[in-house]
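Everything below concerns the one structure shown next.
FYI, it's all coordinate maths here, none of it is from the lab. What you see is a predicted model, and the numbers here were worked out from it, not measured in a lab.
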Amino acid sequence: MRTLLLLSAVSLLAVLPAPAAADVIIVDGSGGGDYLTIQEGVDAAAWSGDTVLVYPGTYADVHDCGGYGTPVNVCIAKNITLVSLDGPEVTVIDGGDGAQLGILVEYGDPVVIEGFTVISGWRGGRSDAAITAYSGEVRGNVCLGYGTGITTDSWWYAGRGSERSEARDTAIVIADNTVEANETGIFVRSWSGSHALVSGNSVHGSQFAGVSVYGFGSVSLVGNEISGSTRGVRIQNPSWNVGSLLSVDLQSNRIVDNVETNIEIYLAEVSTGSDCHVTIGGAPEHANDIYGAPINLKAAAYNVDLLLDATYNYWGSIACTTFVPLFDIHENVPDSAFIFEPFVDETHTIAYYCEGVPVQHRTWGSIKSLYR
């Protein structure tokens, strides 16, 4: 009987169709591929698994994404890979014809976007975002001149900002991108159960913040270069959410020479029960370089528990003249609102910097926890 069952199963497998192989769809604006525009290639892709491979060229066509009246260059609502053949130097998505967004992932978990230069369409001002995606990978792109270079806040831009529950339990990697001259370089809006890894990016010249983290969930910033922005990194919780946890880790970053603050933590007032855990360094192998701003680390907490570990980092002045303040209380919060629990240990040191080279070490009372 067992032999008969086995033979029946083998016979059934023999007549079942094999799983369809993922297709590679070629987009070439000069006419050498399957389609002339990126959007045509995306529309032709299967719901899941296909790759849209884009040949060198400048792509400037504009479309309405999902019927919400949002003009975009490329609208994605599938689980696909969108990648250039020869990289961002020769593959440009140009919003010059009035695109509000460069690449918008309306749906798709996960989506991979790799190897494009995305240029703002509104030359007189700023378009909203170069790339928006909430799951998958955004890797090796160049984003220039937008309100936001890269953001995870897809639903807001697609006109469906209330559908926040869809972003839970997702993961995204934003890695090895160059993000310059935007209002905000990288904006991570995280949700409960979600995780974002922001790694190896070069972010420069942002008017508001190089990297802005907002929400709850888990966010890791690892090995980024963040400089020349008003604020290097800004961390904020939503004032409308209670009973949530925002966890942010900063490891092995160079956050230097920003205009006002290198790191700013601003925790808005909520009714009760919200926590924020921030680790800046925390171990020798995770030390960050943080120097060159008037204030290196600034924080404010309004009725929110903040657990802050800012140990094992290199802080100081690149000019080797003065030690820049490690910590500053927000001007709207009186000193009495905070309880400081510093601890001093010879293994927790701060280094003065001279042109990027540590030249003097001293023991410092690192701020281990801060809360109201």
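Summary table below
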quantity	calculated
Note, ³J(HN,Hα) from phi for region 57-72, Karplus 6.51, -1.76, 1.60, rounded to Hz, x at Gly and Pro	x, 10, 10, 10, 5, 10, 9, 8, 7, x, x, 9, x, 9, x, 9
Asp305 long-range amide H proximity, modeled H, under 5 Å	Ser274, Cys276
Sequence-distant residues sharing a close amide H with Cys65 (under 5 Å, placed H)	Thr70, Val72
Added length on full extension, which subtracts the Cα-Cα distance from 0.36 nm per residue, His277 to Asp86	64.7 nm
Long-range amide H partners of Asp34 with built H, under 5 Å	Ile26, Val27, Asp28
